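The values are calculated or read from the model by the stated rules, or taken from the named source; none is laboratory data. Keep in mind that what you see is a predicted model, and the values were worked out from it rather than measured. Because the Cβ atoms are built from the backbone with ideal geometry, glycine has one as well, and the counts that use them run over all protein chains shown. Side chains are part of the model used for accessible areas, which takes the heavy atoms of the whole protein and leaves out ligands, DNA and RNA. Shrake-Rupley method; radii C 1.70, N 1.55, O 1.52, S 1.80 Å.
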Amino acid sequence: MKKTNFKRHRRLRTSHAMRSLVRETNVTVDDLMYPLFVMEGKNIKREVPSMQGVYQLSLDHLAAEIKEIVDLGIHAVMLFGIPKEKDAEGTGAYKDEGIIQQATKLIKKVAPELLVIADTCLCEYTSHGHCGVIEGEEVKNDPSLALLAETAVSQAKAGVDIIAPSNMMDGFVMTIRQALDEAGFEHIPIMSYAVKYASAFYGPFRDAADSTPSFGDRKTYQMDPANRLEALREAESDVEEGADFLIVKPALAYLDIVRDVKNTFDVPIVAYNVSGEYAMVKAAAQNGWIDEEAVVMEKLTAMKRAGADIVLTYFAKDVAKWLHQ
Ligand code: PBG
């Protein structure tokens, strides 16, 4: 009898059923969070030119959007607010009738079960577009913390289920945790953008959120894409300070970091499939150069395989539709 001494890996790939049986990673609707851009004003449903299929919505269009999201089985939305007026201190972020606060109250009325996650940052609300307050051209750390804490508390008061601070000031998790606890919101978790790189992949988001800095860049607070150990230091501080989730952002070019963070910490890990990653797929698909559904599912599977428990993605509604088919 002829003997072969190589392994027959193909035995486990012989059919769809066999491949399904041995598949190690699955993407489900339960894993997805969907970002929404809510805007002050009336009757606005404006497609973001660089993000086909993503809209800036005024509150009068929000209920219909929420219904669609809930009907698709998506459990969580991440809110980004676009105020009418901006100022140096970003007061729109923490006033009681701010756009996020109003949007949250509305969502909680029409879909109380849907998890509302608020992006807790100042850049959409500051006239200079930075994520903290400035002195000259310097983004000041400690004076920004109090405003971020105020923002988080006001979001929690409006009914937000999870606070997601994305500003990258040092000490933000601790400051926000203390403020939430003191205000009686000790049950509200913090989903920290712990590992957030100063990335060119955020370009389209800044169109959507109108948050391009008016001078300089974010490199003194967001991380250098070249660094890996620094990601672990950032994540470690946030876990020590009380983060309940850790976000790694962007996702696709940083899957090694997702894996490192997953291997090191025992909290749920979120990968943020950011705007530039979305825009590239959309543009290529529109030209007929790639198969959008196949590419998106492959990317999200890769994010989960790398260790993400949850994926924040502009594709969430599309993915839910494909999975339901
Ligand atoms: C705000 C914020 C940004 C993103 C999420 N929150 C932009 C930035 O840091 O400039 C980017 C998300 C995306 O690109 O999809 N701090």
Within the group Tyr278, Tyr254, Tyr272, which residue is aromatic (Phe, Trp, Tyr) and closer than 19 Å to Met169 by Cβ? Tyr272
Return a yes/no flag: does the stretch 201-220 have any residue that is away from the ligand (no atom under 16 Å from the Cβ), modelled with pLDDT under 95 and open to solvent by 40 Å² or more (accessible area, probe 1.4 Å). no
Which numbered condition trips up Pro225, out of (1) within 15 Å of the ligand (Cβ to nearest atom); (2) open to solvent by 10 Å² or more (accessible area, probe 1.4 Å); (3) touching a residue at least 40 places away in the same chain (Cβ under 8 Å)? (3)
Do the conditions hold for Asp71, that is, is it surrounded by fewer than 14 Cβ atoms within 10 Å (Cβ to Cβ), within 23 Å of the chain's Cα centre (by Cα) and under 26 Å from Glu292 (Cβ atoms)? yes
Answer yes or no: is there a residue in the stretch 314-323 that is within 16 Å of the ligand (Cβ to nearest atom), among the aromatic types (Phe, Trp, Tyr) and surrounded by fewer than 20 Cβ atoms within 10 Å (Cβ to Cβ). no
Residue check, Glu230 modelled with pLDDT of 95 or more and either within 12 Å of the ligand (Cβ to nearest atom) or surrounded by fewer than 19 Cβ atoms within 10 Å (Cβ to Cβ) (or both): yes
Is one or more of the residues making up the stretch 281-295 closer than 24 Å to Ile162 by Cα and touching a strand residue (DSSP E or B) at 6+ places or on another chain (Cβ under 6 Å)? no
So if I check each of Val267, Val274, Val258, Val239, which one is touching a Pro at 6+ places or on another chain (Cβ under 6 Å), at negative phi and in contact (Cβ under 8 Å) with a residue 12 or more places away in the chain? Val274
Kindly indicate the residue of the stretch 122-137 that is in a strand (DSSP E or B) and open to solvent by 10 Å² or more (accessible area, probe 1.4 Å) and also farthest from the ligand (Cβ to nearest atom) among those meeting that condition. Glu135
Do we have any residue at all in the stretch 91-99 that's touching a strand residue (DSSP E or B) at 6+ places or on another chain (Cβ under 6 Å) and not aromatic (Phe, Trp, Tyr)? yes
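Restricting attention to the stretch 266-300, and to residues there that are more than 16 Å from the ligand (Cβ to nearest atom) and surrounded by 19 or more Cβ atoms within 10 Å (Cβ to Cβ), which single residue is nearest to the chain's Cα centre (by Cα)?
Here the answer is Ile269.
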Unique residue being β-branched (Val, Ile, Thr), modelled with pLDDT of 95 or more and open to solvent by 30 Å² or more (accessible area, probe 1.4 Å) when the list is Val77, Val54, Val110, Val38: Val110
Taking the condition of being within 11 Å of the ligand (Cβ to nearest atom) and not charged (D, E, K, R), how many residues in the stretch 182-200 meet it? 5
Would a scan of the stretch 104-119 turn up a residue that is farther than 26 Å from Glu68 by Cα and in a loop (DSSP other than H, G, I, E, B)? no
